[in-house]
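Shown next, in structure tokens, is the structure this report addresses.
The values are calculated or read from the model by the stated rules, or taken from the named source; none is laboratory data. Please read all numbers here as calculations on a predicted model, not as lab measurements. Here Cβ is always computed from backbone atoms with ideal geometry, including for glycine, and neighbour counts include all displayed protein chains. With ligands, DNA and RNA removed, areas are computed over all heavy atoms of the protein, side chains included. Shrake-Rupley method; radii C 1.70, N 1.55, O 1.52, S 1.80 Å.
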Amino acid sequence: PTAFYAKHIVIPPGYATIRLPGIIPDEIAFGKDTETQAGNVFAKIAAALKDAGASEADVVAMTVYLVAPTSGGSMAFDGMMRAYGRHYGNDAQPNRPVRSTVEVAGLVRPGILVEIEVTAAVPANR
């Protein structure tokens, strides 16, 4: 009950899934820290879900890709978690999707530290 992610998710019959591709931060966030970039990505996810007729509360699965911000360092998981906690598993939005977080060597452009994929599920007749 205290984890920031769900141990499992069951999507009921009659639900449609919405799959968002890997979303990266806007160029204005390039070169900033992981928390800033993750906050930008979560805001973009919320907007994309809204455009698709869903919300962050409908997210059932998430994969987070993080790059170590310095050579030889490790991913800034705590920074990502601070941004994540403003969008998921809090009083305003208690949904906690299943989630995997992985460290990668790099992403599509230099300076990008975060890429996030999500899957949401909504009633098909919504």
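Would you please list the contacts, defined by Cβ atoms under 6 Å and residues six or more apart or on different chains, that run from a residue in the range 76-90 that is closer than 15 Å to N40 by Cβ and of a type in the set (G, A, S) to a residue that is at pLDDT 95 or above and open to solvent by 30 Å² or more (accessible area, probe 1.4 Å)?
G79/E35; A83/E35
Pairs only if they're at least six apart or on different chains, beta carbon under 6 angstrom, first in the range 43-57 and in a loop (DSSP other than H, G, I, E, B), second hydrophobic (A, V, I, L, M, F, W, C) and open to solvent by less than 50 Å² (accessible area, probe 1.4 Å); list them, first residue then second.
That search, which allows pairs on different chains as well, returns A52/I18; A54/I18; A54/A120; A54/V122; S55/L49.
Looking at (1) over 21 Å from F4 (Cα atoms); (2) surrounded by fewer than 15 Cβ atoms within 10 Å (Cβ to Cβ), which is the one condition that is false for A29?
Of (1) over 21 Å from F4 (Cα atoms); (2) surrounded by fewer than 15 Cβ atoms within 10 Å (Cβ to Cβ), only one is false for A29: (2).
Hey, among the residues in the range 7-26 that are in contact with a strand residue (DSSP E or B) (Cβ under 8 Å, 6 or more places away or on another chain), open to solvent by 70 Å² or more (accessible area, probe 1.4 Å) and not β-branched (V, I, T), which one's farthest from E103 (Cα to Cα)?
For the range 7-26, the residue satisfying everything is Y15.
Being surrounded by 15 or more Cβ atoms within 10 Å (Cβ to Cβ), over 13 Å from the mean Cα position of the chain (by Cα) and under 15 Å from L107 (Cα atoms) narrows it down to one residue among V67, V41; which is it?
Answer to the check: V67.
Which pairs have Cβ atoms under 6 Å, sit 6 or more apart or on different chains, and link a residue in the range 1-22 that is over 29 Å from V67 (Cα atoms) and in a loop (DSSP other than H, G, I, E, B) to one that is open to solvent by less than 100 Å² (accessible area, probe 1.4 Å) and at pLDDT 95 or above?
I11/A121
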